[in-house]
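Data first, discussion second: the structure below is written as structure tokens.
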Amino acid sequence: MSKKDTAFKNEPMNFDLFADYAPPAAPDSPASAAPPTESAASAAQPHPALSDTAALLQLCERWVSRGWLRDLDLALVRFFERESQHAPPLLLLGAALASHQLGRGHVCLDLAATLEAPDFALSLPPEGDDLNDPPPLPSHVLATLTLSEWQAALNHPTLISDGPGNTPLVVSHSGNTSKLYLRRYWQFEQTLHQEIANRVNADSSLNSSADSPLLKSALDTLFPASDSLDWQKNACALAARSPFAIITGGPGTGKTTTVVRLLTLLQTLQLAQPNAHPLRIRLAAPTGKAAARLNESIAGQVNDLTISELASLLAEHSAASSSSAIDIPTEVTTLHRLLGARADTRHFRHNAANPLALDVLVVDEASMVDIEMMTALLSALPASAKLVLLGDKDQLASVEAGAVLGDLCRRADAAHYTPATAQWLAELTDHPLPEALIDPNGQPLDQAITMLRVSHRFNAHSGIGQLAQAINQPLSDELSEREKHQAVHGVLNNGYADLHHLVLKPDAQNEDSALERLVITGSPERFPNAGEGRINHKGEPIAPPTGYRYYLNTLARERPDTALAFEENSEVYDAWAKQVLNAYSRFQLLCALRKGPWGVEGLNLRIAKTLRSENLLFGNDHTLEKGWFEGRPVLVTQNDYGLKLMNGDIGITMAVPDPRTPGRSLLRVAFPTSDAENPIHWVLPSRLHAVETVFAMTVHKSQGSEFQHTALLLPQTPNPILTRELVYTGITRARDWLTVLEAKRGILNDAVTREVMRVSG
């Protein structure tokens with residue numbers, strides 16, 4: 001373990017980002033039950049694994065064999081048991097569970113919460129496990145254990161400490177619980193906390209441009225006068241004065257529009273300074289797909305800006321040369337590429353010793369950034385640079401450990417702006433804040449966060465927007481499970497033009513027909529007026545909903561004359577590929593699971609066979625399942641810098657003329673690029689190793705994407721992965737049309753009342 005991992009980066013911090021705030025426990029969550037008392041624990045016989053290392057290892061082996069625990073977790077316990085003497089079994093059990101929690105997205109193991117809901121500590125049930133003849137459940141193993149007994153066992157100077165040091169485990173005692181970490185993740189938390197605290201505590205008076213007369217004039221130029229409070233304008237104002245800013249909001253609230261105007265504002269304020277150089281601005285996103293989408297959005301927004309008006313304003317307020325240009329970058333990169341990922345390591349070229357050369361960094365889709373990546377990012381950021389995070393706090397958290405954006409934004413709904421901040425904003429924007437959003441005890445972090453609260457895409461007439469709002473409401477004393485179910489189904493049954501709800505009937509002969517019809521045609525007949533006659537928020541006509549037949553027909557109909565050589569007519573074939581890729585984005589089936597008949601592995605083959613039955617695809621079963629065929633859509637699952645393909649990129653397999661054999665064709669996969677001169681990147685299928693067919697895509701993989709018609713399919717049985725955050729993320733991938741499918745009635749009700757729990761400090 002390196003010095004960097006074992007040494008505390010700075011002196012212990014004396015600032016708590018959230019003061020004494022603690023969010024209420026969600027109903028039916030582990031924190032809502034009572035831990036075992038001493039009297040209750042003594043009434044049963046302790047499980048042998050609590051006191052016998054051999055019994056513990058045997059138990060862990062049984063858990064691993066069922067997929068409840070990972071091989072990695074067991075290997076860690078065996079290593080600790082082998083390398084240290086007299087390690088208490090309870091400590092080893094804690095290490096196994098803490099390691100396992102990382103694989104499930106948690107940064108640490110909360111001991112009290114684990115005793116309150118022990119079965120939450122393992123992956124129960126894993127996909128495909130019918131729970132027949134199960135090993136002892138954690139609830140049985142831990143039935144007699146008390147918190148004080150477990151805490152007392154965490155006393156082994158070689159393995160565990162309560163802070164800085166070089167032990168592999170760290171325990172943090174807080175309130176009525178203790179949290180057990182692997183040291184690396186404890187260090188991530190400490191470093192991240194310190195970096196953010198340093199930035200939000202920075203003296204805003206040092207940023208003189210934030211209080212200059214130019215700030216108000218520039219804001220008024222960027223945002224036309226309005227009769228109501230403009231949250232985008234507020235976001236730009238707050239971000240202009242803070243080295244660290246978060247702009248969060250749901251779909252259609254204008255996060256990209258806001259950040260483009262923010263960058264224009266920052267560049268204007270910078271150029272007004274004497275002898276100033278333009279800001280070095282970089283834009284980044286977690287995945288290649290998210291980066292490409294942000295690139296496209298920002299390019300369009302920059303073209304719409306009134307840069308000339310700001311240039312004139314700049315000349316009036318400063319002595320800057322008339323040649324000073326307000327330049328806004330449009331190129332977006334991935335975080336891995338920005339930091340300089342080193343092959344086969346967890347390290348990056350840019351770090352605290354070799355910081356990034358930039359003045360402003362904007363990170364989009366920040367909800368997808370895990371704690372390790374966010375720590376690496378902040379560590380590599382110069383102290384003088386500004387960081388702006390964009391994202392929807394209510395979306396699914398990162399696949400890896402941590403829910404950084406969600407943790408930072410957990411007070412965003414109520415804002416908690418101090419009276420001083422509220423007065424400053426009112427003077428700057430000419431609109432006072434609602435009293436409910438003002439808090440004399442607001443924390444410094446609160447003043448750096450803006451939640452955009454008005455959707456410009458979804459209004460009161462949008463079923464997608466109304467459903468997202470109904471699903472996103474957390475359970476509380478004011479909202480019971482029954483009331484939430486009623487609210488969700490009230491939207492689904494309201495007859496909205498952009499929304500359809502379908503429950504499949506597994507026992508009926510037509511079980512497949514509804515799903516087959518949907519993936520082929522998009523089932524426009526299920527929407528009012530067959531989807532005809534709608535217009536979007538810009539007043540533009542909306543095309544009716546479609547299925548996969550649309551892009552496959554486009555592929556065949558628009559195919560260039562085969563007499564045209566592929567290599568010599570790149571513009572013709574690029575135009576064809578762009579049409580097909582655009583047509584493909586008109587529809588996407590999303591699902592929650594990877595395995596099983598209702599997961600991507602089962603659905604991709606099922607859909608391919610359905611399309612083959614309509615003569616839209618060609619190939620035998622083996623080809624459709626494991627081979628290459630024209631029309632195959634593929635999703636890149638790992639970054640490939642050699643091929644310039646990023647995790648999340650989607651391409652379509654297309655047949656082009658073989659230059660060596662007239663009359664024959666070769667398969668190439670067409671991927672869109674952000675390069676106007678080379679809009680399509682053609683790749684040989686044999687060079688693509690980390691790809692999968694993507695007729696069906698998991699909701700996790702869909703983050704950062706948007707589809708005109710999205711169909712969200714929920715499986716037949718409840719699963720811990722089915723949560724309101726997953727359903728919310730899935731339905732908000734839809735731009736114009738949404739179909740919600742339940743393989744069995746009641747699964748949606750179960751999902752929208754279960755919430756993601758990410759344990760962290």
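The values are calculated or read from the model by the stated rules, or taken from the named source; none is laboratory data. None of the values given here were measured: they were computed from a predicted structure. Here Cβ is always computed from backbone atoms with ideal geometry, including for glycine, and neighbour counts include all displayed protein chains. The protein model used for the area step is the full one, side chains on, heavy atoms only, and it has no ligands, DNA or RNA in it. Shrake-Rupley method; radii C 1.70, N 1.55, O 1.52, S 1.80 Å.
Values for this structure:
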read-out	value
Summed side-chain charge close to VAL360 - residues other than VAL360 whose Cβ falls under 11 Å, Lys, Arg +1, Asp, Glu -1	+2
The range 669-726 and the range 528-585: distance between their alpha carbon centers, rounded to Å	18 Å
Cα coordinate range in the range 219-283, projected on the principal axes (Å, largest first)	38, 26, 17
Under-5 Å amide H pairs with THR698, H placed in peptide plane, nonlocal only	CYS591
Pair-distance profile P(r), taking every C-alpha pair of the range 472-553, with 10 angstrom steps and integer %	15, 31, 32, 19, 3, 0
For the range 100-204, radius of gyration divided by Kirkwood radius, i.e. Rg to Rh on alpha-carbons	1.07
Long-range Cα-Cα pairs in the range 154-265 (distance over 16 Å), rounded percent	70 percent
Selection from ALA341, GLN423, GLN443, by position along the positive dipole direction of the range 326-448 (Cβ)	ALA341
Compactness of the range 338-393 as Cα Rg over 2.2 N^0.38 Å, two decimals	1.12
Structure-derived volume of the Cα convex hull per residue in Å³ - corresponding label in [x] 203; [y] 187; [z] 213	[y]
Radius ratio Rg over Rh of the range 491-607, counting only Cα atoms, Kirkwood formula for Rh	1.06
Ellipticity estimate at 222 nm from DSSP helix runs (n ≥ 4, -39,500 (n - 2.57)) divided over the chain, nearest 500	-10500 deg cm²/dmol
Average accessible area per residue (Å²) across the chain - probe 1.4 Å, nucleic acids and ligands excluded	44 Å²
With 5 Å bins from 0: P(r) over the range 397-549, alpha-carbon pairs, percent	2, 7, 11, 12, 13, 14, 13, 11, 7, 5, 3, 2, 0, 0
Carbon plus sulfur fraction of accessible area for the chain, probe 1.4 Å, in percent	49 percent
For the chain, size of Cβ-based charge dipole, Lys and Arg +1, Asp and Glu -1, in debye	1380 debye
Value of D in µm² per second that Stokes-Einstein yields for the range 590-722, Kirkwood Rh from Cα pairs, at 4 °C (1.567 mPa s)	80 µm²/s
Whole-angstrom Cα spans of the range 583-643 along principal axes, big to small	37, 26, 26
Rounded to the nearest 20 debye, dipole of the range 577-654 from Cβ charges on Lys, Arg, Asp, Glu	120 debye
Solvent-free Debye scattering, log10 I(q)/I(0), computed from the Cα coordinates of the range 519-569 at q = 0.13, 0.31 Å⁻¹	-0.51, -1.09
Hz values of 3J(HN,Hα) by residue in the range 111-121 - Karplus curve (6.51, -1.76, 1.60), Gly and Pro given as x	5, 5, 5, 5, 5, 6, 9, x, 5, 5, 6
Only Lys, Arg (+1) and Asp, Glu (-1) charged, at Cβ; the range 691-761 dipole about Cα centre in debye	100 debye
In Å, descending, principal axis extents of the Cα set of the range 691-761	34, 34, 25
Relative counts (whole %) of C-alpha pair distances in the range 346-428, using bins that are 5 Å wide	3, 14, 18, 18, 18, 15, 8, 4, 1, 0
Dipole of the chain, positive direction: furthest Cα of PRO597, GLN716, PRO662, with charges on the beta-carbon	PRO662
For the range 673-715: Kirkwood Rh in Å [reciprocal of mean 1/r, alpha carbons]	13.5 Å
Tail weight of P(r) past 20 Å, computed on alpha-carbon pairs of the range 53-118, percent	23 percent
Integer Hz, Karplus 6.51/-1.76/1.60 couplings in order for the range 616-621, x for Gly and Pro	9, 10, 9, x, 6, 4
Loop-located GluC sites (Glu not before Pro) in the range 389-482, at most 16 other Cβ atoms within 10 Å (DSSP)	GLU400, GLU478
Derived scalar couplings ³J(HN,Hα) [the range 133-141; Karplus, 6.51 cos²θ - 1.76 cosθ + 1.60; whole Hz; x for Gly, Pro]	6, x, x, x, 6, x, 5, 6, 5
Length-normalised contact order for the chain - Cα pairs under 8 Å, 6+ apart - percent	12 percent
Whichever lysines have a C-alpha closer than 23 Å to that of LYS626, once near sequence neighbours (fewer than 8 apart) are set aside	LYS595, LYS609, LYS701
Among ASN582, LEU502, GLN473 the positive-end extreme of the charge dipole of the chain (Cβ point charges)	ASN582
